[in-house]
Amino acid sequence: MSEQNLSLNMKKSRGRTGRKRRRKHLKSFMDGVNCSHKLEYIKLKKWLKERGFEDSNLRPAEFWETGRGLMTTKALQAGDLIISLPEKCLLTTGTVLSSCLGGHIVKWKPPVSPLLALCTFLIAEKHAGEKSPWKPYLDVLPNTYTCPACLEPGVINLLPKPLKKKAQEQKMMIQELFRSSKAFFSSLQPLFAENTGTIFNYSALEWAWCTVNTRTIYMKHPRRECFSLEPDVYALAPYLDLLNHSPNVQVKAAFNEQTRSYEIWTNSQCKKYQEVFICYGPHDNQRLLLEYGFVAMDNPHSSVYVSPDTLLKYFSPLDKQRKAKVSILKDHDYLENLTFGWEGPSWRLLTALKVLSLGADEFSCWRRILLGDVTSARNEQQALGTAAKICHFLIEETQHALFQISQLKRDKENLKTHLTLVEMLRSEDLKILQKSAEILCNLNLGTT
Ligand SMILES: C[S@@+](CC[C@H](N)C(=O)[O-])C[C@H]1O[C@@H](n2cnc3c(N)ncnc32)[C@H](O)[C@@H]1O
């Protein structure tokens with residue numbers, strides 16, 4: 001049911017009965033649809049039990065807002081253990097080395113990265129099908145992902161500029177990983193009846209890379225000679241990796257040496273039959289989309305990025321000190337990560353604007369600005385005024401992108417999921433920009 005329908009229903013029901021009905025109605029949206037009866041989850045639970053996992057109060061369920069996740073069958077209090085997954089259930093580079101791939105990895109020069117080892121294992125086990133001891137886990141993994149690397153170029157084009165660049169870089173990075181791993185994949189031919197070129201193809205690597213990137217937990221392993229210098233910090237954690245993210249919860253997660261299990265403890269409450277969330281980190285929506293392929297609504301950490309092009313558009317090319325100002329910003333890392341947030345323009349954005357707004361007679365003060373000092377009322381005012389202009393430009397650009405997305409959604413049914421994702425990101429950006437514009441309007445009124 002759409003949000004519009006929900007609000008229509010809510011309007012009709014007034015009074016105590018109406019409120020009760022509304023609460024029940026809302027509750028039904030927050031509760032998930034239990035899917036633990038499905039064969040794939042029954043098989044997964046059995047597989048986990050054989051490896052020492054004791055059934056917890058969590059059940060796989062489908063949620064209206066977040067898709068598949070885990071619901072609790074018992075109310076959770078702060079300090080409760082959410083899940084404890086024995087070491088035997090974890091898939092790490094140790095697992096890969098103990099498999100038939102191990103001997104080939106140890107011999108291969110230059111050494112492969114821990115990430116590539118995990119990707120190779122996932123692809124090989126998926127290919128093994130029924131014969132894979134990891135089948136019950138592989139069967140519940142998503143078949144497709146929505147990380148930017150998996151988006152169509154037409155959809156990537158609709159992303160905000162700084163994110164578009166990062167999305168293209170992600171795609172290129174996986175392409176490069178594929179290119180540079182071809183020889184290693186070929187070296188595995190003795191292990192397979194089918195051609196390794198067919199098994200370890202680009203889309204298989206993209207799938208495996210997204211699986212590792214979106215689902216691994218952080219677990220530091222000692223460095224091994226047979227791997228490259230990249231840190232070995234991954235572990236795939238079956239079942240536990242069904243937990244979705246919320247920016248509003250706090251959890252403690254670590255491997256417990258005593259119980260030899262990976263444990264997650266919550267610091268938040270959770271009602272019976274509601275979704276249990278963990279926090280993947282204080283990430284903004286750009287980072288959530290890049291790393292995990294989703295965006296969170298009303299994310300307190302979210303911000304809208306201003307690209308260097310957009311920033312510099314508002315300053316005259318005739319300014320004799322423009323080049324020097326841009327160099328200063330570049331040298332001090334003030335050309336990237338300039339943002340608008342729920343509380344208005346970031347300190348970094350205002351600082352960059354103040355440096356660019358310095359008058360010829362004030363130029364020598366740039367160091368003081370980087371330290372947070374005020375140079376002149378004129379400089380402050382110009383920086384705030386330009387921030388407001390940039391904010392309005394980004395509002396218009398976002399509204400235009402939202403219009404394009406709505407049209408494309410009508411015409412391109414096959415791109416609907418990806419377009420909806422970008423639409424969510426853009427709608428959240430619009431909310432942040434509108435809030436920033438309001439704050440700037442008040443600040444600008446205060447300074448004039
Ligand atoms: C560790 S998995 C969590 C389980 C996942 N939903 C599943 O069905 O397998 C991480 C992925 O879940 C999804 N996800 C996590 N938190 C989410 C949220 N708050 N809203 C929507 N999707 C979310 C994203 O696709 C992310 O890449």
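The values are calculated or read from the model by the stated rules, or taken from the named source; none is laboratory data. Just so you know, these numbers come straight off a predicted model, no measurement behind them. Methodologically, a virtual Cβ is constructed for each residue, glycine included, from the backbone with ideal geometry; neighbour enumeration extends over all protein chains shown. To get the accessible areas, we keep the full protein, side chains included, count just its heavy atoms, and leave off ligands, DNA and RNA. Shrake-Rupley method; radii C 1.70, N 1.55, O 1.52, S 1.80 Å.
Give the residues of segment 163-176 that are surrounded by fewer than 17 Cβ atoms within 10 Å (Cβ to Cβ) and either hydroxyl-bearing (Ser, Thr, Tyr) or closer than 20 Å to PHE227 by Cβ (or both), sorted by residue number.
MET173, GLU176
Just to check your reading of the model, which residue among LYS252, LYS220, LYS182 is on the phi < 0 side of the Ramachandran plot, surrounded by fewer than 18 Cβ atoms within 10 Å (Cβ to Cβ) and assigned to a strand (DSSP E or B)?
LYS252
Pick from LYS435, LYS412: which is surrounded by fewer than 17 Cβ atoms within 10 Å (Cβ to Cβ), at pLDDT below 95 and basic (Lys, Arg)?
LYS412
Against the conditions (1) more than 16 Å from the ligand (Cβ to nearest atom); (2) within 23 Å of the chain's Cα centre (by Cα); (3) surrounded by 21 or more Cβ atoms within 10 Å (Cβ to Cβ), where does ALA296 fall short? Just the number, please.
Exception for ALA296: condition (1).
State the number of residues belonging to segment 255-269 that are out of contact with any Asp or Glu (no Cβ under 7 Å at 6 or more places or on another chain) and open to solvent by less than 20 Å² (accessible area, probe 1.4 Å).
Qualifying residue count, segment 255-269: 3.
Name every residue in segment 62-89 that is away from the ligand (no atom under 16 Å from the Cβ), open to solvent by 40 Å² or more (accessible area, probe 1.4 Å) and hydrophobic (A, V, I, L, M, F, W, C), in order of residue number.
ALA75, ALA78, LEU81
Just name the residue that is modelled with the lowest pLDDT out of those in segment 347-365 that are of a type outside the set (A, V, I, L, M) and open to solvent by less than 30 Å² (accessible area, probe 1.4 Å).
The selected residue is CYS365.
Take ASP309 and decide whether it is away from the ligand (no atom under 16 Å from the Cβ), out of contact with any strand residue (DSSP E or B) (no Cβ under 7 Å at 6 or more places or on another chain), without any contact (Cβ under 8 Å) to a residue 24 or more places away in the chain and of a type in the set (D, E, K, R).
No, not satisfied.
Being surrounded by 18 or more Cβ atoms within 10 Å (Cβ to Cβ), in contact (Cβ under 8 Å) with a residue 12 or more places away in the chain and more than 17 Å from SER307 (Cα to Cα) is the requirement here; does ILE390 meet it?
no
If GLN321 satisfies all but one of (1) polar (S, T, N, Q); (2) in contact with a Leu (Cβ under 8 Å, 6 or more places away or on another chain); (3) assigned by TED's automatic domain parsing to the domain that holds LEU384; (4) open to solvent by less than 10 Å² (accessible area, probe 1.4 Å), what's the number of the condition it fails?
GLN321 satisfies every listed condition except (4).
Hey, LEU289 hits all of (1) within 19 Å of the chain's Cα centre (by Cα); (2) free of Cβ contacts under 8 Å to residues at least 60 places away in the same chain; (3) open to solvent by less than 40 Å² (accessible area, probe 1.4 Å) but one; which does it fall short on?
(2)
Restricting attention to segment 373-387, report how many residues are touching a Phe, Trp or Tyr at 6+ places or on another chain (Cβ under 8 Å) and open to solvent by 30 Å² or more (accessible area, probe 1.4 Å).
Within segment 373-387, residues that are touching a Phe, Trp or Tyr at 6+ places or on another chain (Cβ under 8 Å) and open to solvent by 30 Å² or more (accessible area, probe 1.4 Å) number 0.
Among GLU396, GLU423, which is the only one that is surrounded by fewer than 16 Cβ atoms within 10 Å (Cβ to Cβ) and within 34 Å of the chain's Cα centre (by Cα)?
It is GLU396.
Being under 26 Å from GLU169 (Cα atoms) and either more than 16 Å from the ligand (Cβ to nearest atom) or basic (Lys, Arg) (or both) is the filter here, so list the residues in segment 123-147 that pass it.
Answer for segment 123-147, where residues must be under 26 Å from GLU169 (Cα atoms) and either more than 16 Å from the ligand (Cβ to nearest atom) or basic (Lys, Arg) (or both): just ILE123.
Which residue out of TYR239, TYR262, TYR280, TYR273 is within 11 Å of the ligand (Cβ to nearest atom) and farther than 30 Å from ASP429 by Cβ?
TYR239 is the lone residue from the list that is within 11 Å of the ligand (Cβ to nearest atom) and farther than 30 Å from ASP429 by Cβ.
I want to confirm something. Restricting to segment 122-162 and keeping residues that are in contact with a strand residue (DSSP E or B) (Cβ under 9 Å, 6 or more places away or on another chain) and modelled with pLDDT under 95, which single residue is least open to solvent (accessible area, probe 1.4 Å)?
It comes out as PRO162.
Could you check segment 95-116 and list, in sequence order, the residues that are in a helix (DSSP H, G or I) and either among the polar types (S, T, N, Q) or more than 16 Å from TRP207 (Cβ to Cβ) (or both)?
Scanning segment 95-116 gives THR95, VAL96, LEU97, SER98, GLY102, GLY103, HIS104, ILE105, VAL106, LYS107, PRO114.
Restricting attention to segment 202-209, does a residue exist that is more than 23 Å from LEU243 (Cα to Cα), without any contact (Cβ under 8 Å) to a residue 12 or more places away in the chain and either open to solvent by 30 Å² or more (accessible area, probe 1.4 Å) or not basic (Lys, Arg) (or both)?
Within segment 202-209, one or more residues are more than 23 Å from LEU243 (Cα to Cα), without any contact (Cβ under 8 Å) to a residue 12 or more places away in the chain and either open to solvent by 30 Å² or more (accessible area, probe 1.4 Å) or not basic (Lys, Arg) (or both).
Here's a check for you: in segment 400-411, which residue that is touching a residue at least 12 places away in the same chain (Cβ under 8 Å) and out of contact with any helix residue (DSSP H, G or I) (no Cβ under 7 Å at 6 or more places or on another chain) is nearest to PRO153 (Cα to Cα)?
The residue in question is GLN404.
Just one of the numbered conditions (1) under 26 Å from the mean Cα position of the chain (by Cα); (2) more than 12 Å from the ligand (Cβ to nearest atom) is not true of ASN195; which one?
ASN195 satisfies all of (1) under 26 Å from the mean Cα position of the chain (by Cα); (2) more than 12 Å from the ligand (Cβ to nearest atom) except (1).
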